[in-house]
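Student: Below you'll find the structure I mean.
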Amino acid sequence: MKKFNLNIQLFADPTDYTQSVQKMYDTNLTAFSKELKGQGLKKGCQIKTEAKGDTISFYRRGAGKSGSGAVPSMFPGGATSNQGGKPQSFIATITKIWSQQHVEKSDMNKTGLDIKGATIISMGDEILRTEDKMIMAAVYLSPGIALRGDVTLDIDSEQNIRALVGTCRRAALRAKQSVAGNTKPAQLAISLDHYEKICSHDIFINGDYKNALGDGMSNFFGAELRITDAATAPTVIPPEVIGWGEWEGTMENSAVYFPTDGEKWHIQSVKSGGVVVIEPELITKLQFKTA
C-alpha cells in the first residue's frame, strides 16, 4: 500500500498542504472503511443499503406448509389457504455515526495518513466500536431474547461454561445448515474480561475441553469471537437475525488544520447506520451471578 510523505516543506502554499492532507485522509479512510465492512458484529447482520430515507425496512414472512400425498387446495377453505401470511416489516432508523480526533501538527508529520497509519486505524476502529454498541444496545432492549445459565453461579462455573458451549454449537450448526446457503458466521459477543475468566477455567486446561480452543483467538466452539465492551454478558447471535441499514455513499471525511488551536488538525469522519433486531428469540444471553 502506497504511503504518503506529508512533510509540510514540500508545499510553498499552506492551502495546498491542507488540501493535499484532506484528499489523502478522505481517500485512505474510505478505502480502509471498505476493509472494515467485513468486521465487527455487523458482519453477521442482514445488511441493506438504500439511497435515501429516514428508515430502512427488513421483511419476514410466516412459514409455509409442505406435505406428501394429494395436493390440497390453496383457495379459501383449503388446508393451506392461510399459510405464510402477510410480510412483517422491521424498521431500522438511520442515524449518524461519527468519529473525531485532534492531531498535533508535529504528530501528523510523523505518522502521516497512509492506510495503515495510526490515525486511520484509530478512526476506523472507533466507528466499529460505535456500530457494536448500537447493535448490542438494540439486542439488550429487545423483549424475547433467550436466556441460559444459572444466576446463582459465577460466570466461570462449569455449569455456565457448558451452557455457553452448547449455545455456541447450536448457533453455529444453525448457520451451517441454512437452506439459503448462508455464509455468515454465528457470533459470540463477549468482553475481554469475561472471555479471560471463562477460558482460565480448569475445564479448558485439564478437563473435557482441553485443547478445544486451538489458538483461542477467533473461534469459540463454532461461533466467531467478537471481543467488545458493548457485551455486558456473553451473547450468542446467529447470522442474519439482526438488520443493519446504511445510506449509500454517505461516508464524509474531513481533515482541517487550525493553527490558532495549538497547531492542531481536526480529523472527523461521519457515516450512517441503523439497527433493528428481527428475530430476538434466536439470540441467547448467558446469565450468571453478578454480585
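The values are calculated or read from the model by the stated rules, or taken from the named source; none is laboratory data. Quick caveat, the model's predicted, so the values are computed rather than measured. Glycine gets a Cβ as well: all are built from the backbone with ideal geometry, and neighbour counts include every protein chain shown. Just so you know, the surface numbers come from the protein's heavy atoms only, side chains and all, with ligands and any DNA or RNA stripped out. Shrake-Rupley method; radii C 1.70, N 1.55, O 1.52, S 1.80 Å.
Student: Report, by residue number, each residue of region 34-73 that is at pLDDT 90 or above, farther than 19 Å from Thr183 by Cβ and among the hydroxyl-bearing types (Ser, Thr, Tyr).
Tutor: If the condition is that a residue be at pLDDT 90 or above, farther than 19 Å from Thr183 by Cβ and among the hydroxyl-bearing types (Ser, Thr, Tyr), then Thr55, Ser57, Tyr59 are the ones that fit.
Student: A further question follows. Of all residues in region 255-275, which are part of a strand (DSSP E or B) and open to solvent by 20 Å² or more (accessible area, probe 1.4 Å)?
Tutor: Val256, Tyr257, Phe258, Lys264, His266, Gln268, Val270, Lys271, Val275, listed by residue number.
Student: Any idea which residue in region 150-198 is nearest to Gly40 (Cα to Cα), counting only those that are hydroxyl-bearing (Ser, Thr, Tyr) and touching a Leu at 6+ places or on another chain (Cβ under 8 Å)?
Tutor: Here the residue is Tyr195.
Student: Please go through region 122-160 and pick out each residue that is of a type in the set (A, V, I, L, M), open to solvent by 70 Å² or more (accessible area, probe 1.4 Å) and in a helix (DSSP H, G or I).
Tutor: Leu141
Student: Same structure again: In region 223-251, how many residues are crowded, with 18+ Cβ neighbours inside 10 Å and at positive phi?
Tutor: The number of residues fulfilling the criteria is 1.
Student: Also, I was wondering about something else. Any residue in region 281-291 that is in a loop (DSSP other than H, G, I, E, B) and crowded, with 20+ Cβ neighbours inside 10 Å? Let's see the steps before the verdict.
Tutor: Filtering region 281-291 for residues in a loop (DSSP other than H, G, I, E, B) gives 283, 287-291.
Subset that is crowded, with 20+ Cβ neighbours inside 10 Å: 283, 288.
Looking for residues that are in a loop (DSSP other than H, G, I, E, B) and crowded, with 20+ Cβ neighbours inside 10 Å, one finds at least one in region 281-291, hence yes.
Student: Check Ala175, Ala146, Ala137, Ala163 and return the single one that is in contact with a strand residue (DSSP E or B) (Cβ under 9 Å, 6 or more places away or on another chain), at pLDDT below 95 and of a type in the set (A, V, I, L, M).
Tutor: Checking each option against the conditions leaves just Ala175.
Student: Go through region 199-219 and count every residue that is open to solvent by less than 30 Å² (accessible area, probe 1.4 Å), modelled with pLDDT under 85 and either touching a Leu at 6+ places or on another chain (Cβ under 7 Å) or of a type in the set (A, V, I, L, M, F, W, C) (or both).
Tutor: Residues flagged as open to solvent by less than 30 Å² (accessible area, probe 1.4 Å), modelled with pLDDT under 85 and either touching a Leu at 6+ places or on another chain (Cβ under 7 Å) or of a type in the set (A, V, I, L, M, F, W, C) (or both) within region 199-219 amount to 0.
Student: List every residue pair whose Cβ atoms sit under 8 Å apart, with the two residues 6 or more apart in sequence or on different chains, where the first one lies in region 40-66 and is within 26 Å of Thr228 (Cα to Cα) and exposed (fewer than 15 other Cβ atoms within 10 Å of the Cβ) and the second, anywhere, is modelled with pLDDT under 90 and among the acidic types (Asp, Glu).
Tutor: These pairs meet every condition: Thr49/Glu248.
Student: Do we find a residue being surrounded by fewer than 16 Cβ atoms within 10 Å (Cβ to Cβ) and assigned to a loop (DSSP other than H, G, I, E, B) anywhere in region 190-198?
Tutor: no
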